[in-house]
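Notes for the one structure printed next.
No value in this document is a laboratory result; all are computed from the given coordinates. From a predicted model like this one, the values you see are computed outputs, not experimental measurements. Cβ: placed from backbone, ideal geometry, glycine included. Neighbour counts: every protein chain shown.
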2 protein chains.
Amino acid sequence: MIKKNAVFAVIGLGVLGGSYVQALSEKGFTCIGVDIDQSALDYALEKGWIVKGSTDPSVVEEADIVVSCLYPHAFVEWIKKNQQYMRSGTLLSDVTGVKRNVIRNIQAVLRKDVEFIACHPMAGKEFKGIRYADASKFTEANFIIVPTNSNSKEAIAAAHSLAEILGFTKISELSAEEHDKMIGFLSQLTHVIAVSLMNVTDNSHLVDFTGDSFRDLTRIAEINESMWPELFVENKDNLLREISAFQNELENMKELIDKEDYEGMKQKMILSTERRKKFNRS
Amino acid sequence: MIKKNAVFAVIGLGVLGGSYVQALSEKGFTCIGVDIDQSALDYALEKGWIVKGSTDPSVVEEADIVVSCLYPHAFVEWIKKNQQYMRSGTLLSDVTGVKRNVIRNIQAVLRKDVEFIACHPMAGKEFKGIRYADASKFTEANFIIVPTNSNSKEAIAAAHSLAEILGFTKISELSAEEHDKMIGFLSQLTHVIAVSLMNVTDNSHLVDFTGDSFRDLTRIAEINESMWPELFVENKDNLLREISAFQNELENMKELIDKEDYEGMKQKMILSTERRKKFNRS
């Protein structure tokens with residue numbers, strides 16, 4: 001559980017870090033912000049989301065709970081460089097969208113008197129920066145806790161508590177392997193497809209004819225180019241396997257069309273319709 | 001132009017045919033329905049959308065304008081079999097989603113005293129049947145008129161007039177070649193991708209983790225399996241070319257990920273973001 005007087009330090013006040021301090025402060029928690037960008041700190045201070053903002057990482061010594069809202073590599077580097085400032089007994093969490101490598105790399109360097117509980121709030125956005133922070137998005141999003149064998153019951157319970165405080169209602173636990181496999185398919189493959197479809201050719205002359213089909217398939221082609229390449233590489237094995245499986249299925253469809261196999265196409269469509277129905281929101 | 005006392009015969013009261021008679025009757029036009037399914041006719045009669053419904057195609061002799069809302073092959077067969085019932089001077093239109101073959105096949109058999117003006121109301125739905133008819137969807141959709149050299153100015157003007165009566169506000173003209181190329185990319189390729197993505201593997205166990213990305217990319221995988229195989233084959237050359245181009249681009253992305261080429265991926269994402277912005281609704 002998280003005590004009512006717990007002090008949070010949030011590292012990296014981007015769109016997610018900003019939403020974290022927004023939600024936490026609205027629930028009455030004291031938040032400290034750490035960022036290399038003073039203007040992000042100023043923004044959070046003006047909004048009243050943090051009581052203190054600093055470009056100096058040593059301020060985390062005032063926190064009971066430290067949440068890194070940095071990208072995977074930056075998170076690991078930050079810990080290597082600044083973990084000495086954390087108090088003994090600090091609970092450390094994160095928001096990264098890939099988990100196996102992050103957990104392994106953090107566990108390899110982390111002090112033994114600080115516990116890391118990995119979390120993935122699936123509330124990503126195509127826009128960067130604290131000005132797009134909006135904690136109201138958390139309600140509908142999934143919050144995934146990724147415990148390992150070395151996590152204490154208390155840390156896992158605290159992660160559940162954190163998710164609830166932030167406003168998430170769909171909270172679950174997955175192993176790092178399950179998490180990364182799921183993300184490789186549901187999130188990463190879909191982004192690869194959207195980016196590829198958008199990049200096939202310049203079709204801006206078709207904008208007047210564009211309906212929902214194309215818009216829906218390419219919405220996520222507006223993508224944060226600073227973050228995603230790293231996420232793809234960190235989950236390369238899963239992602240490449242998913243892309244290959246999709247390529248095979250696409251090739252199957254192409255052959256059916258080429259052979260004018262009406263019955264084969266029909267069966268594919270009956271299957272896709274049946275499967276897709278399960279994904280409709282109730 | 002279309003006279004206020006014009007009588008329409010709509011052949012095939014499915015979701016589009018139903019929406020046509022709904023919109024036309026609401027604007028005060030007299031509509032006759034022709035369908036092989038008596039229950040579709042009964043539904044339109046009950047709604048007051050048609051004044052007469054018949055399974056006998058000879059009733060089209062009462063119409064000034066005949067609109068086929070049949071799939072491509074069925075449309076051509078219907079004309080071969082029933083065109084003798086149309087009055088001399090009848091204007092004939094359609095709603096098919098592919099145009100080169102339909103126009104060629106119809107022109108090859110059509111009586112010289114009946115003029116065919118090809119139209120494509122881009123207001124398709126994933127559901128079949130008149131019970132899903134909803135003419136209010138026309139407002140936001142594109143209506144494409146596909147004239148040929150043999151069309152009269154009067155017929156083209158009548159098609160514009162028809163589109164306005166139906167409630168379309170985005171009305172344009174394209175050649176059959178332009179139309180089919182555009183449809184191959186914007187509509188058909190996107191449906192092939194969505195169906196393929198949905199069919200890669202049974203991922204129904206992931207439904208609880210599914211966010212907007214996957215839902216958006218697979219929405220159109222709920223697809224009318226009776227119609228689309230035919231549309232794909234009728235536009236096979238364009239569609240296979242578009243699938244191949246997409247496959248190449250997907251393979252490029254895969255290689256960048258495999259080689260861990262961060263800069264290459266970043267450039268792809270900057271391009272996709274820039275291009276996609278133009279497709280955002282203003």
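General observations
- Over the C-alpha atoms of chain A, the Rg to Rh ratio, Rh being the Kirkwood estimate, stands at 1.03.
- Nearest-20 debye value, the stretch B:178-282 charge dipole, Cβ charges on Lys, Arg, Asp, Glu: 500 debye
- For the segment A:183-193, counting C-beta atoms of other chains within 10 Å of every residue's C-beta and taking the mean gives 6.
- Environment charge of B:LEU91, counting only residues whose C-beta is closer than 12 Å and scoring Lys/Arg +1, Asp/Glu -1: -3
- The aspartates and glutamates within cross-link reach of B:LYS27, meaning a Cα-to-Cα straight distance under 13 Å and a gap of 8 or more places when in the same chain, are B:GLU164.
- In this simple spin-label model, placing a label point 7 Å from the Cα along the Cα-to-Cβ direction at both A:LYS112 and B:SER150 gives a separation of 8.9 nm.
- In this simple spin-label approximation, A:SER172 and A:GLN84 carry label points 7 Å from Cα along the Cα→Cβ vector, and these lie 4.3 nm apart.
- Extreme residue, positive dipole direction of the protein assembly as shown, given options A:ALA158, B:SER213, A:THR218 (C-beta unit charges): A:ALA158
- Net charge of Cβ neighbours under 11 Å - reference B:ASN101; Lys, Arg +1; Asp, Glu -1: 0
- If R0 is 30 Å, the Cβ-Cβ spacing of B:LYS259 and A:ARG104 corresponds to a FRET efficiency of close to 0.85.
- Where Rh is the Kirkwood radius over Cα pairs, Rg/Rh for the stretch A:119-251: 1.03
- For the protein assembly as shown, the dipole from Cβ point charges (+1 on Lys and Arg, -1 on Asp and Glu) about the Cα centre works out to 660 debye, to the nearest 20.
- Of all chain A residues, the closest to the A-onto-B rotation axis by Cβ, with that distance in whole Å, is A:ASP216, 2.
- Whether the stretch B:110-162 is rounded, prolate or oblate, judged on the alpha carbon gyration tensor where a/c under 1.5 counts as rounded: prolate
- Under 26 Å from A:LYS277, Cα to Cα: lysines that are on another chain or at least 8 residues apart: A:LYS125, A:LYS137, A:LYS170, A:LYS181, A:LYS254, A:LYS266, A:LYS268, B:LYS125, B:LYS128, B:LYS137
- Gyration tensor verdict on the stretch A:1-67 (Cα atoms; rounded if a/c is under 1.5, prolate if a/b is larger than b/c, oblate otherwise): oblate
- Per residue of peptide A:233-246, the mean number of Cβ atoms on other chains within 10 Å of the residue Cβ is 3.
- What separates the B:SER150 label point from its copies, with the point 7 Å along Cα to Cβ, is 7.8 nm, written shortest first.
- Estimated 222 nm signal from helices in chain A, with DSSP H stretches of n ≥ 4 weighted -39500 (n - 2.57), rounded to 500: -14000 deg cm²/dmol
- Sum of side-chain charges, A:MET182 neighbourhood, beta-carbon under 11 Å (Lys, Arg +1; Asp, Glu -1): -3
- The simple spin-label model puts a point 7 Å past each Cα toward its Cβ; for B:THR55 and A:GLN247 those points are separated by 5.2 nm.
- What the Cβ-Cβ distance of A:GLU26 and B:GLU26 gives, at R0 = 41 Å and to the nearest 0.05, is a FRET efficiency of 0.25.
- Cα-Cα separations in the protein assembly as shown greater than 45 Å, expressed as whole percent: 30 percent
- Cα-only radius of gyration and Dmax that characterise the stretch A:1-123, units Å: 13.2, 38
- Counting, for every residue in B:133-143, the Cβ atoms of other protein chains within 10 Å of its Cβ and taking the mean gives 1.
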